[in-house]
Amino acid sequence: MNHTAFFEPEHRALAAELDRFARSEVEPRSAEEADDTAQALDFIQRLARGGWLRYVVPRSFGGVHPHLDLRSVCLIRRGLARYSSLADTMFAMQGLGSYPITLAGSEKIKQRFLPQVASGEAIATFALTEPEAGSDAAGIQTRARREGNEYVLEGTKKFISNAGIADFYVVFAKTDPAQGRKGISAIVVEKDRPGFHMTRKLELIAPHPIGEFQLEGCRVPAENLLGREGEGYSILLQTLESFRTTVGAAALGLAERALEEATSYAKKRKQFGKTLSEFQGLRFMLAEMATELEAARLLVFQAAWNLDQARREAEAGADSTSTETGDRAPTRTSHRTLVLASSMAKLFATETGQKVIDRALQIHGGTGLLKGTVVERLYREIRALRIYEGTSEIQKEIISRQLLKGADG
Ligand SMILES: Cc1cc2nc3c(=O)[nH]c(=O)nc-3n(C[C@H](O)[C@H](O)[C@H](O)COP(=O)(O)OP(=O)(O)OC[C@H]3O[C@@H](n4cnc5c(N)ncnc54)[C@H](O)[C@@H]3O)c2cc1C
């Protein structure tokens, strides 16, 4: 299908270049290894050498584009995910973990962290979730109190991607618990701060560096605060509103690979003296998979285009809402459209990705369950995408809230 309306010629060149890189640097190393930490660190170095991490930071701090170009990030995630979900995770987390700094860090903090994210010298994290606060982000219990020129942090963070291998953590903590979500602040905690303890690594159904850590009287300089006290929830929302579209893009990469595997298997495998592709039931299954995937692609590409377009409008000064940062918040008038588009893209692409991969496995019969087959790997890898960065149910909450607001107005 022709998606030229959503992309510039440079995006098509980028997708082709990424595919060459992924075939030579990622695919040969995509077999799961006992030590997924070593594999994760290896992917970071390869992504850095290939220049791909430069796509998640602004040009003035070592990046490629003046501001985050969502379409590029989506194309890179989609291209990596088709070969290795772990490589995709390592790329994506450099973006998710550094974007709060891009949005709201002081010049000094940006200079300290962003060039290192782009070069792969520093590994980033985004630390929001806690044992008692997952979907309910405003319910976090981690506290940060100001003492002189420092913040002192107390709390536990769980399900944090890159915990244990990261160099710094963007921690969301309450500086004023009485203010609820308005009392949340975002603070950068370097891994070697006293009071930072990695408590455990968590094992998931597919390779993903993830763990839990504790902050016990953990002291960081006050200059590590991003934006002002109380702006953490807004930084969190702006980050997720951009990056959740890219989760949809990763789901596309996984599902497109599954469809290719299923199509090729159906043409080869014979039963009852015919190839599987001669059974209409299976041909119809392939047709539905392809059609649903195309719908998912359109939603993801459109959402990414919208976000890039809003940023361009903001740069042009049309109704811009400056965040006093290197990046700009999207224009106020289109904010509802952006929120709807990114949640719909994430919801539909990840749910569709799961269905497509499930059917691809079904077409493989028992072979699809064998460890080491591509569809078996994809079946395990897609599952997390319906949960992280807001579950499917939370996306439906966001979408319905916007609809009901619209109905009132
Ligand atoms: C692979 C992976 C990587 C992750 N990486 C990070 C990371 O880097 N940083 C980070 O901070 N977090 C991370 N997370 C955590 C992730 O964001 C949370 O798991 C997610 O937000 C859901 O929270 P929970 O697991 O506590 O589930 P819960 O919030 O307890 O939800 C349980 C179930 O209830 C449903 N539910 C909850 N509230 C509602 C509601 N209001 N209406 C309807 N249904 C509801 C949910 O949809 C879900 O089905 C990661 C998780 C995974 C699996």
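The values are calculated or read from the model by the stated rules, or taken from the named source; none is laboratory data. Note that this is a predicted model, so its numbers are computed, not measured. Glycine also receives a Cβ, built like all others from the backbone with ideal geometry; neighbour counts cover every protein chain displayed.
Run down E203, E216, E256 and say which single residue is assigned to a helix (DSSP H, G or I) and of a type in the set (D, E, K, R).
E256
Yes/no per residue for (1) more than 15 Å from the ligand (Cβ to nearest atom); (2) buried (at least 22 other Cβ atoms within 10 Å of the Cβ); (3) without any contact (Cβ under 8 Å) to a residue 12 or more places away in the chain:
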{"position": "D167", "(1), (2), (3)": "no, no, no"}
{"position": "G180", "(1), (2), (3)": "yes, no, no"}
{"position": "P194", "(1), (2), (3)": "yes, no, no"}
{"position": "E203", "(1), (2), (3)": "no, no, yes"}
{"position": "P209", "(1), (2), (3)": "no, yes, no"}
{"position": "G232", "(1), (2), (3)": "no, yes, no"}
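Starting from residues that are part of a helix (DSSP H, G or I) and farther than 18 Å from D69 by Cβ, keep the ones in the range 298-319 and report whichever is nearest to the chain's Cα centre (by Cα). Before the answer, list the steps.
First, pick out the residues of the range 298-319 that are part of a helix (DSSP H, G or I): 298-315.
Checking which are farther than 18 Å from D69 by Cβ leaves us with 298-299.
Details: L298: 18, L299: 16 Å.
Residue satisfying both the conditions and the ranking: L299.
When the range 143-165 is examined, which residues are found to be buried (at least 24 other Cβ atoms within 10 Å of the Cβ), farther than 15 Å from L225 by Cβ and of a type outside the set (A, V, I, L, M)?
K157, S161, N162
For G365, which of the numbered conditions (1) more than 20 Å from A296 (Cβ to Cβ); (2) within 15 Å of the ligand (Cβ to nearest atom) fails to hold?
Here G365 meets the rest and fails (2).
Quick one: F301 ticks every box in (1) touching a Phe, Trp or Tyr at 6+ places or on another chain (Cβ under 6 Å); (2) modelled with pLDDT under 95 except a single one, so which number is it?
The number of the failed condition is (2).
Could you check the range 289-300 and list, in sequence order, the residues that are in contact with a helix residue (DSSP H, G or I) (Cβ under 8 Å, 6 or more places away or on another chain) and not basic (K, R)?
Matches in the range 289-300: M289, A290, E292, L293, A295, A296, L299, V300.
Across the range 56-70, what is the total count of residues that are crowded, with 24+ Cβ neighbours inside 10 Å and either under 13 Å from the mean Cα position of the chain (by Cα) or in a helix (DSSP H, G or I) (or both)?
Here the count works out to 2.
So, of the residues in the range 155-165 that are more than 8 Å from the ligand (Cβ to nearest atom) and in a strand (DSSP E or B), which turns out to be farthest from I210 (Cα to Cα)?
G155
Could we say that I140 is within 21 Å of T246 (Cβ to Cβ), crowded, with 16+ Cβ neighbours inside 10 Å and of a type in the set (V, I, T) here?
So I140 does not fit the description; no.
Suppose we filter the range 114-154 for residues that are in contact with a Phe, Trp or Tyr (Cβ under 6 Å, 6 or more places away or on another chain), assigned to a helix (DSSP H, G or I) and closer than 16 Å to V189 by Cα; how many remain?
Result for the range 114-154: 1.
Name the single residue that is surrounded by the most Cβ atoms within 10 Å (Cβ to Cβ) among those in the range 13-38 being outside any loop (DSSP other than H, G, I, E, B) and at pLDDT below 95.
This residue is D36.
Looking for whichever is away from the ligand (no atom under 12 Å from the Cβ), touching a residue at least 60 places away in the same chain (Cβ under 8 Å) and either of a type outside the set (V, I, T) or in contact with a Cys (Cβ under 8 Å, 6 or more places away or on another chain) (or both) here; the options are R71, R145. Which one fits?
R71
What pairs come up if the first residue lies in the range 377-397 and is farther than 19 Å from S84 by Cβ and not assigned by TED's automatic domain parsing to the domain that holds Y83, the second is buried (at least 20 other Cβ atoms within 10 Å of the Cβ) and small (G, A, S), and their beta carbons are under 7 Å apart, counting only those six or more places apart or on different chains?
So the pair list comes out as Q395/S343.
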